[in-house]
Amino acid sequence: LMDGPLRGKHVLVTSGPTHEPIDPVRYIANRSSGAQGTALARALSALGANVTFVTGPADVPPPGGVTVFRVQTAQQMLDAVQAALPADAAVFAAAVADWRVASASDKKIKKDQKGSLPVLEFAENPDILATVSQMKKGRPALVVGFAAETHDVVDHATSKRDRKGCDWIVANDVSPETGIMGGSENAVTLISEDEAETWPRMGKDDVARQLAARIADALGGNA
Ligand code: C5P
């Protein structure tokens with residue numbers, strides 16, 4: 001058993017993209033690699049936490065020593081999260097698709113020989129972070145969300161924190177020129193109820209270790 005400030009604490013982490021099916025062979029996805037969520041799960045586990053890792057189809061393998069649930073869609077991710085609760089803390093690092101195809105076809109959609117094009121209708125996915133943040137009973141003591149923004153990062157993330165009802169938002173600038181999405185570094189601002197703390201740009205592993213230490217502090221351990 002891993003010793004450390006998070007020993008005996010159950011921490012839930014979501015990570016990776018989701019895949020939303022169009023038909024049995026096609027899907028809608030996003031560019032999340034799962035790197036930051038994976039690093040975070042590893043760092044939390046290294047501090048002794050009992051980690052449940054709910055991951056979409058990521059580019060990087062899940063860390064060892066954690067309980068892994070693999071999902072494809074946002075709805076499956078919500079179901080896995082709810083099944084994994086209760087937790088002392090929950091960190092939502094997944095890049096969940098905001099929309100799914102309203103009625104995915106159960107057969108492969110065929111190319112129309114006369115050239116008429118398919119039209120996709122969308123339905124809104126559940127917001128997993130908001131759902132857990134607003135739980136009346138059994139809410140984790142600490143709920144942390146991420147906010148990937150391309151502009152006005154702190155402003156948007158601060159209102160996101162209010163709207164969703166989570167305790168902290170880890171805001172990052174994912175403008176293409178930063179190389180952050182899919183890259184190995186991150187530049188984050190940690191937004192809590194009373195402050196916005198900007199960290200220097202560093203490796204995603206270092207962001208993960210610092211964040212894990214802050215989570216340990218908040219749950220009453222000392223990292
Ligand atoms: O609203 P937005 O997608 O920018 O919020 C990002 C945060 O919300 C991330 O922590 C992400 O994991 C979470 N989220 C979620 N379920 C969704 C959409 C976002 O948990 N359907």
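The values are calculated or read from the model by the stated rules, or taken from the named source; none is laboratory data. Just so it is clear, the model here is predicted, and its values are computed rather than measured. Using ideal geometry, Cβ is built from the backbone for each residue, glycine included, and neighbour counts are taken over all protein chains shown. Please note that ligands, DNA and RNA were not included when accessible areas were found on the heavy atoms of the full protein model with its side chains. Shrake-Rupley method; radii C 1.70, N 1.55, O 1.52, S 1.80 Å.
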Strands (runs of 3 or more DSSP E) lying entirely in the range 115-198 (those with 3 or more residues that are under 15 Å from the mean Cα position of the chain (by Cα)): 142-149, 168-173
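Across the range 10-20, what is the total count of residues that are in contact with a helix residue (DSSP H, G or I) (Cβ under 9 Å, 6 or more places away or on another chain) and surrounded by fewer than 23 Cβ atoms within 10 Å (Cβ to Cβ)?
Of the residues in the range 10-20, the ones in contact with a helix residue (DSSP H, G or I) (Cβ under 9 Å, 6 or more places away or on another chain) are 10-16, 18, 20.
Pick out the ones that are also surrounded by fewer than 23 Cβ atoms within 10 Å (Cβ to Cβ) and you get 10.
Qualifying residue count for the region: 1.
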In the range 21-61, the residues that are modelled with pLDDT of 95 or more, among the hydrophobic types (A, V, I, L, M, F, W, C) and either in contact with a Lys or Arg (Cβ under 7 Å, 6 or more places away or on another chain) or open to solvent by 10 Å² or more (accessible area, probe 1.4 Å) (or both): 22, 25, 28, 29, 39, 43, 46, 47, 49, 58, 60
Selected residue (only one of 196, 104, 171 is of a type in the set (A, V, I, L, M) and within 16 Å of the ligand (Cβ to nearest atom)): 171
Near pairs, Cβ below 7 angstrom, 6+ apart or cross-chain, from the range 66-79 (over 25 Å from residue 103 (Cβ atoms)) to any residue that is within 11 Å of the ligand (Cβ to nearest atom): 69/54
Odd one out for residue 81, checked against (1) assigned to a strand (DSSP E or B); (2) over 20 Å from residue 184 (Cβ atoms); (3) open to solvent by less than 10 Å² (accessible area, probe 1.4 Å): (1)
Tally of residues being assigned to a loop (DSSP other than H, G, I, E, B), among the charged types (D, E, K, R) and under 30 Å from residue 60 (Cβ atoms) across the range 91-107: 1
